[in-house]
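The values are calculated or read from the model by the stated rules, or taken from the named source; none is laboratory data. What you see is a predicted model; the values in this text were computed from it and never measured. Here the Cβ positions follow ideal geometry from the backbone for every residue, glycine too, while neighbour counts run over all protein chains shown. When the accessible area is computed, the model is the full protein with side chains, heavy atoms only, and any ligands, DNA or RNA have been set aside. Shrake-Rupley method; radii C 1.70, N 1.55, O 1.52, S 1.80 Å.
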Amino acid sequence: MSVDEPRAAPCPWHEPVWQALTTRARQPHAFLFAGSPGVGKRQFAEAFADWLLCQQPAGGAVCGQCRSCQLLRAGTHPDRLLVEPEEEGKAIRVDAVRQLADFMAQTAQQGGRKVVILHPAEAMNLNAANALLKSLEEPTAETYLLLVSDQPSRLLPTIRSRCQVLTLTAPAQAQALDWLAQRLPQLSTEEHAALLLMAAGAPLRAVQLQELGATELRARVVEGVKALLKSEKSAPQLADAWSAVPLELLMDWFCDWTLDLLRLKTGALETPVNSDMDKVLPYMAQRVATTTLMEWQGWLLEHRSMVLGKANLNRVLLLETLLLRWKQLMEKR
Ligand SMILES: [Zn+2]
């Protein structure tokens, strides 16, 4: 990385938001960057933290040369703090927020601003959230708190209301596909489109899914679902065979298919959006009653939200139940 290159830059589709933000005369002391997973919120927050800390930013760009920029590049800036769960998927605990409060109370070591990035904000447990509220209620001068969240509705309303909320969205499909073509040049346009669909249009999520091997996992799951419907495989066999598939992905995929089923059922669609199920879903749609389908969707959404909320679930039991219910959709009329 050359000296002039900024360390982090917002995604190109967030350029207008970035321009509007960095040309303001004054910045509030607390932000909440909200939006779907993988639209580039964290990248935006990190770029904004760099910009806030740079001693001579030129418009929307950091100078890349001041002492702050050098420290940021080295990853040793003493006035920048990142708070995240100790382990991915775990809670942010009150100890971490107390450390944050201490950091906010002390004087900036470089004599300028201090910035805290807290990610993902919904991972704070209740004690941590209450501790954070104290810091928000007593802001320190020249100190900025940047919260990042996929699920802002799960934050305490009192936290949300003390932050400037900036909702960051996904780009239009064409821009997302262009960006993916640059990031994943080894894949075909069809593969980019399939990943983007799986990622609900969020480009960074699409890259993450590619890294997880989601295309192969999904093909395996689709095969399994077909085998289940033909009674060639049982629910326990599949729950076992899918042990490597992240639960969040499974819940998302069943939600996507269910949405297709509902749209086929109501005539809103003639062929499924999810083309890897283009035979199965129309077949199912003809045989399932709308009320049964809606009941199932309710169950699915409730359990998806429990999975996303990191509820302590028995994975095997959940999957077996899900698969049995899925199969029974066509039996109950
Ligand atoms: Zn600088």
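Consider LEU136 carefully, then state whether it is within 21 Å of the chain's Cα centre (by Cα) and either without any contact (Cβ under 8 Å) to a residue 60 or more places away in the chain or closer than 25 Å to GLY309 by Cβ (or both). Steps first, answer last, please.
Details: within 21 Å of the chain's Cα centre (by Cα): no; either without any contact (Cβ under 8 Å) to a residue 60 or more places away in the chain or closer than 25 Å to GLY309 by Cβ (or both): yes.
Criteria not met by LEU136.
Checking the condition open to solvent by less than 10 Å² (accessible area, probe 1.4 Å), under 18 Å from ALA121 (Cβ atoms) and away from the ligand (no atom under 15 Å from the Cβ), which residue from LEU32, LEU21 passes?
Exactly one residue qualifies, and that residue is LEU32.
Please work out if MET104 is touching a helix residue (DSSP H, G or I) at 6+ places or on another chain (Cβ under 6 Å) and open to solvent by less than 70 Å² (accessible area, probe 1.4 Å).
Values: touching a helix residue (DSSP H, G or I) at 6+ places or on another chain (Cβ under 6 Å): yes; open to solvent by less than 70 Å² (accessible area, probe 1.4 Å): yes.
Against the criterion (touching a helix residue (DSSP H, G or I) at 6+ places or on another chain (Cβ under 6 Å) and open to solvent by less than 70 Å² (accessible area, probe 1.4 Å)), MET104 qualifies.
Looking at (1) surrounded by 21 or more Cβ atoms within 10 Å (Cβ to Cβ); (2) on the phi < 0 side of the Ramachandran plot; (3) not acidic (Asp, Glu), find the lone condition where ALA61 falls short.
(1)
Report those helices (runs of 4 or more DSSP H) wholly inside segment 1-79 carrying at least 2 residues which are over 26 Å from THR107 (Cα atoms) and among the aliphatic types (A, V, I, L, M).
By residue number, 15-22.
Name every residue in segment 175-217 that is hydroxyl-bearing (Ser, Thr, Tyr) and under 19 Å from the mean Cα position of the chain (by Cα), in order of residue number.
THR215
Looking at GLU248, GLU232 in this structure, which one is over 17 Å from the mean Cα position of the chain (by Cα) and open to solvent by 20 Å² or more (accessible area, probe 1.4 Å)?
Unique residue meeting the criteria: GLU232.
Exactly one condition in (1) more than 22 Å from the chain's Cα centre (by Cα); (2) within 15 Å of the ligand (Cβ to nearest atom); (3) open to solvent by less than 60 Å² (accessible area, probe 1.4 Å) is not met by ALA49; state its number.
In the conditions (1) more than 22 Å from the chain's Cα centre (by Cα); (2) within 15 Å of the ligand (Cβ to nearest atom); (3) open to solvent by less than 60 Å² (accessible area, probe 1.4 Å), ALA49 misses (1) alone.
Yes or no: segment 300-315 includes at least one residue that is in contact with a helix residue (DSSP H, G or I) (Cβ under 7 Å, 6 or more places away or on another chain), surrounded by fewer than 18 Cβ atoms within 10 Å (Cβ to Cβ) and farther than 30 Å from LEU126 by Cα.
Looking through segment 300-315, none of the residues is in contact with a helix residue (DSSP H, G or I) (Cβ under 7 Å, 6 or more places away or on another chain), surrounded by fewer than 18 Cβ atoms within 10 Å (Cβ to Cβ) and farther than 30 Å from LEU126 by Cα.
Go over the candidates LEU259, LEU217 one by one and state the one that is outside the structural domain of ALA91 (by TED's automatic domain parsing), open to solvent by 70 Å² or more (accessible area, probe 1.4 Å) and in a helix (DSSP H, G or I).
Going through LEU259, LEU217 in turn, the sole match is LEU259.
Restrict the check to segment 83-106 and report whether at least one residue is in the same structural domain as LEU136 (by TED's automatic domain parsing), among the polar types (S, T, N, Q) and away from the ligand (no atom under 16 Å from the Cβ). If you could, list the steps in order and put the result at the bottom.
The initial filter retains those residues of segment 83-106 that are in the same structural domain as LEU136 (by TED's automatic domain parsing), namely 83-106.
If we keep only those that are among the polar types (S, T, N, Q) too, we end up with 99, 106.
Right, trim to away from the ligand (no atom under 16 Å from the Cβ) and you get 99, 106.
Yes, segment 83-106 has at least one match.
Mind listing whichever residues of segment 136-187 are hydroxyl-bearing (Ser, Thr, Tyr) and within 30 Å of GLN110 (Cβ to Cβ)?
THR140, THR143, TYR144, SER149
Just need a number here: residues in segment 65-79 that are open to solvent by less than 50 Å² (accessible area, probe 1.4 Å), more than 6 Å from the ligand (Cβ to nearest atom) and under 25 Å from VAL17 (Cβ atoms). Write out each step before concluding.
Taking segment 65-79 first, the residues open to solvent by less than 50 Å² (accessible area, probe 1.4 Å) are 66, 68-69, 71-72, 77-79.
Still in the running and more than 6 Å from the ligand (Cβ to nearest atom): 71-72, 77-79.
Still in the list and also under 25 Å from VAL17 (Cβ atoms): 72, 77, 79.
Qualifying residue count, segment 65-79: 3.
Of all residues in segment 83-94, how many are within 23 Å of ARG113 (Cα to Cα) and loosely packed, with under 15 Cβ neighbours inside 10 Å? Working first, answer last.
To start, the set of residues in segment 83-94 that are within 23 Å of ARG113 (Cα to Cα) comprises 83-84.
If we keep only those that are loosely packed, with under 15 Cβ neighbours inside 10 Å as well, we get none.
Looking only at that region, the number is 0.
Tell me, yes or no, whether segment 138-152 has at least one residue that is open to solvent by 70 Å² or more (accessible area, probe 1.4 Å) and under 25 Å from GLY75 (Cα atoms).
yes
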